[in-house]
1. When the residues of segment 221-237 are filtered to those that are closer than 23 Å to His206 by Cβ and either modelled with pLDDT under 95 or aliphatic (A, V, I, L, M) (or both), which remaining residue is surrounded by the fewest Cβ atoms within 10 Å (Cβ to Cβ)?
2. Suppose we filter segment 647-657 for residues that are buried (at least 17 other Cβ atoms within 10 Å of the Cβ) and within 18 Å of Glu679 (Cβ to Cβ); how many remain?
3. If I filter segment 566-622 down to residues being hydrophobic (A, V, I, L, M, F, W, C) and assigned to a loop (DSSP other than H, G, I, E, B), which single residue comes out as farthest from Val716 (Cα to Cα)?
4. Can you find a residue that is out of contact with any Phe, Trp or Tyr (no Cβ under 9 Å at 6 or more places or on another chain) and buried (at least 20 other Cβ atoms within 10 Å of the Cβ) anywhere in segment 548-556?
5. So, in segment 124-136, exactly how many residues are part of a loop (DSSP other than H, G, I, E, B) and out of contact with any Lys or Arg (no Cβ under 6 Å at 6 or more places or on another chain)?
6. Any idea which of (1) touching a strand residue (DSSP E or B) at 6+ places or on another chain (Cβ under 8 Å); (2) over 23 Å from Phe135 (Cβ atoms); (3) at pLDDT below 95; (4) not β-branched (Val, Ile, Thr) is the one Leu20 doesn't satisfy?
7. Restricting the search to segment 420-438, which residues are surrounded by fewer than 19 Cβ atoms within 10 Å (Cβ to Cβ) and within 27 Å of the chain's Cα centre (by Cα)?
8. Examine segment 309-317 for a residue that is buried (at least 23 other Cβ atoms within 10 Å of the Cβ), over 30 Å from Glu180 (Cβ atoms) and over 24 Å from the mean Cα position of the chain (by Cα), and state whether such a residue exists.
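The values are calculated or read from the model by the stated rules, or taken from the named source; none is laboratory data. Predicted model, so just to flag it, every value in this text is computed and none were measured. We place every Cβ from the backbone using ideal geometry, glycine too, and count neighbours over all the protein chains shown.
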Amino acid sequence: MSEVSRKADPAGLKAGYRVLAEYRYEKRPVRRGYNDRTLYVNPGTLEIREKPVSEEMKAKFTGGKGFGMKLLWDAVSPSTRWDDPENEINIGMGPICGNTSYPGSGKSLVVSLSPLTGIPIDCNVGGYFGPYLKFSGFDAMEIQGRAAGETIIFVDGDEGIVRIISAPSGAVDSHVLAEEMLDVFASDEAGRRYVSSVSAGRGADHALVGCLNFSFYDPRRKVARLKQAGRGGVGTVFRNKKLRALVVKYSGLDVASNNPADLPTLQTTGLKLHREIVELDDQQCRMREIGTAHLTEIMDEYDLLPTHNFKYGSHPDASKIDSHHFSAMVTHDLPDGCWYGCTLACAKAADGFELLTGPYAGDRVTVDGPEYETVAGCGSNIGVFDARAVLEINFYCDTYGIDTISFGTLTAFCMECWEKGILNSERTGGLELNWGNWRAVLEMLHGIARGEGFGLIAGMGVRRMKKHFAEEFGAAPALLADIGCECKGLEYSQYVSKESLAQQGGYSMALKGPQHDEAWLIFMDMVNNRIPTFEDKAEALYYFPMFRTWFGLQGLCKLPWNDIEPADNAQTSEPAKVPEHVQNYVDIFNAITGRNIDKEELIRQSARVYNFQKVFCLRMGRGRRSDDRPPYRMMGPVTVEEYESRAERYDKQLREQAEVDPSGMSTAEKVKALRTYREQRYEKLLDAVYKRKGWTPEGIPRVETLRDLGIDYPEVVDVVKSLGG
């Protein structure tokens, strides 16, 4: 059995780095997608050890997010808070992760207790760290405790060594630190592609909305690029543990590294999707040209692009930040996948971008992005219709370790509070937070990074700002509740959900808080009217969260599922599910693991982890019906001006849906009548969804549901029984 040494060899590290503990482990190949062990590291106690992965754990929790949730459950108690040493950061990969045959197979999942919500958060992230960690020998990495000082955890998968290293004072910001880790741990220029790191910048030291950056080395650009585990403040937890970086080194990757049971089927299935991407992407979503930013003009056209804190869904200046502007700014004709073998290649980057503000003003940098969520959140939602300004905000959020989605939404909330007189220059320390003032936005962001001024207040997130503005500035709590776009403490991602009841539910019923990766049903519901009844919506809000959860169990990216579709997909019986691609996933799972699941068992794999996570949230004090209600801004018009911007539409809805005659009513009266109707309708949706999921009317999983899924463990059943499940 390997042991931890605390008198470790310096291992050839550069001056200032000191090995505190070293653990040597047996290298062995992955077998059918699994290592059958996880890695536990505590930089506070200097403990490093392996944990076995049982067949029961694989059967019930599958991998990735499932492993992360189970390890976290076992590590914390109902009284654990995000900044307690026993909170963990867990990174899991999943059995499909790391294969190079099927596009989008390089994802890992980060799980922790969120500073914003107090409940488990999970983040799906690209980059090379997760796959390299898997092939170094582990199905997940579990980090607990708090280091005494700035610390690096290094996994050398080539040598079979894990080290806890004391780091010298120096760079924290991710674009600098990622390069430094290459200098320290790569043997030479060729070896830089075999080293990947995880970091969070100085902004995560001072804000609750910190993110993590996972790196991958781009040999054409000769720069370390970054992908984000963005939501819920995982970067804040990382820095609270005094972690400078996680680093992994692995150079043995090949097409059979997962040792799949059936490599030919895996390769044949992947080849089929590669052909679709090459032949159809230019006609569909243009992912290889500009990535997810292609959605900007589509959302604007359908009145779904968040504008001015989700008041509106379009804007006359939206064309100034559409995908064509960013396409002109990013570098083309370079491989842009964030994992080997992904021909969708949506990880775009703008090279040689000159910064105008902040500590790196005048530097020319590579900006990874922008993703649609950043364009919408840090563009239209705050009234910034300047593509260059959006890219600068994008860069600084990333390198400071700040989630662009939360930052955009919290900034939009601040700007509406400025518009309404709740904030002024005295209260913001001189920041003029009017719509579109991108220089003030960047100064607020730099203030977060410096840990000073109004940036410290903004960095708390929307939920805490609502409380602060009410207590310190006398703002009306009811108004703040309506316009503060958070649920469960997490800021909303960037889609206007007013006209899609299903998306309102998809957002606010999402276990971790309002993130679109659990259910995105706007087009299916609002545009195509495929789910007209409450029962139809409930079925969609059962299936799609379960299906999307599966990506997080396996180490997969969602984009190759439905951002590229077979040419005949529209003619299938269920085009929203993209049935051919669903079968692809069944086939590649079976090809790697040697199991024989079907599409029904795929959903049951997810249902086990989904219901376990739901009980976990309840165990931590959130997740009941009252937590699943959205702020009214995400349901309908809060203000007179919002109603009047779409008066014809809303008047028609009052007549035809609410059966209220708006003739002779003031706009304020119409706002109130529409609100009553929409809130009552939403409660009916909750009833229907809870019933379909096998939960009580309070949103508690029933014991029979847990038993049917085989997760009726005593400690899980005790939680739901205590709440009437």
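1. Only one residue tops the list, namely Val237.
2. Taking segment 647-657 first, the residues buried (at least 17 other Cβ atoms within 10 Å of the Cβ) are 650-651, 653-654.
Of the ones still in play, those that are also within 18 Å of Glu679 (Cβ to Cβ) are 650, 653-654.
Within segment 647-657, residues that are buried (at least 17 other Cβ atoms within 10 Å of the Cβ) and within 18 Å of Glu679 (Cβ to Cβ) number 3.
3. Looking only at segment 566-622, we keep the residues that are hydrophobic (A, V, I, L, M, F, W, C), and these are 567, 570, 576, 578, 582, 586, 588-589, 591-592, 597, 602-603, 607, 609, 612, 615-618, 620.
Narrowing the set further to residues that are assigned to a loop (DSSP other than H, G, I, E, B) leaves 567, 578, 597, 620.
Numbers: Ala567: 45, Val578: 34, Ile597: 26, Met620: 12 Å.
Only one residue tops the list, namely Ala567.
4. Just the residues of segment 548-556 that are out of contact with any Phe, Trp or Tyr (no Cβ under 9 Å at 6 or more places or on another chain), to begin with: 552, 555.
With the extra rule that they be buried (at least 20 other Cβ atoms within 10 Å of the Cβ), the set shrinks to 552, 555.
Among the residues of segment 548-556, at least one is out of contact with any Phe, Trp or Tyr (no Cβ under 9 Å at 6 or more places or on another chain) and buried (at least 20 other Cβ atoms within 10 Å of the Cβ), which makes the answer yes.
5. As a first pass, look at segment 124-136 and keep what is part of a loop (DSSP other than H, G, I, E, B): 126-128.
With the extra rule that they be out of contact with any Lys or Arg (no Cβ under 6 Å at 6 or more places or on another chain), the set shrinks to 128.
Number satisfying all stated conditions: 1.
6. Unmet condition: (3).
7. Listed by number, the residues that qualify are Trp435, Gly436.
8. No; the residues of segment 309-317 include none that is buried (at least 23 other Cβ atoms within 10 Å of the Cβ), over 30 Å from Glu180 (Cβ atoms) and over 24 Å from the mean Cα position of the chain (by Cα).
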